[in-house]
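These notes are about the structure you will find just below.
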Amino acid sequence: MISGISGASAMAAMPPPQQSNSTQALSDDQLQLIEETLAQYDSESLSESDAAAIVEVFSEAGIEPGKELASAMGEFGFDAKTVGDLAGVEGPGQGGPSGAGGNPPPPPELSSLGEEGLQTLNELLNEYYSGELTDEEQGTTLSSIQELLSGAGASINLVDVTA
């Protein structure tokens, strides 16, 4: 019975909450597959094709990237991030084509606008944020910004957060 504990002491006595991340517990069979697969490669001279082969074997076995896999690979002298980078795989939280991972895509390359385009963008943004435009003028300016960016190959959805 914990009747005499309160406040911060009670918090310290409670176990930490379980995190609901996508960490996958590895089965004994999966751990054995990881060991057997990595035994075929030298972690010090791993090529891109070696890394891709490792990733493919793990993927086919249903082994997902995560802390468990990284830990298991570390036990055999391999860095999971290095293997993933060599194989061209995006790790957890980095997004990807499916949009998974929770991170937004990187900003567009504004260098494709050129000096004149960047100057125009700067002027439009200064005008938009000047506080001197009516709602209609802000809408027109926002449309001009979108057109400028889409013309540069950037797919950006601008949202008016002031509405």
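Values quoted throughout were computed directly from the atomic coordinates according to the rules given, and no laboratory measurement underlies them. Predicted model, so just to flag it, every value in this text is computed and none were measured. Glycine gets a Cβ as well: all are built from the backbone with ideal geometry, and neighbour counts include every protein chain shown.
In percent, what relative contact order does the stretch 28-87 have, based on Cα pairs under 8 Å that are 6 or more apart in sequence? Write out the running numbers ahead of the final one.
Values: 43 pairs, mean separation 27.6, N = 60.
46 percent.
Hey, what does the equivalent ellipsoid look like for the stretch 110-151, semi-axes from the Cα gyration tensor as sqrt of 5 times each eigenvalue, largest first, whole Å? Mind showing how you got there, number by number?
Numbers: eigenvalues 80, 24, 5 Å².
Rounded to whole Å, the semi-axes are 20, 11, 5.
Quick check for me: using +1 on Lys/Arg Cβ and -1 on Asp/Glu Cβ, what's the dipole size of the stretch 110-151 about its Cα centre, in debye to the nearest 20?
Around 180 debye, computed over the stretch 110-151.
So if each residue of separation counts as 0.36 nm, and I subtract the Cα-Cα distance between GLN146 and SER130, what length gain in nm does that give? Kindly include the intermediate steps, with their values, before the conclusion.
Values: separation 16, 0.36 × 16 = 5.76 nm, distance 1.80 nm.
Gain on extension, GLN146 to SER130, equals 4.0 nm.
For the charge dipole of the stretch 110-151, defined by +1 on Lys and Arg C-beta atoms and -1 on Asp and Glu C-beta atoms about the Cα centroid, which residue among THR140, TYR129, GLY114 has the Cα displaced farthest towards the positive pole?
Positive-end residue among those listed: GLY114.
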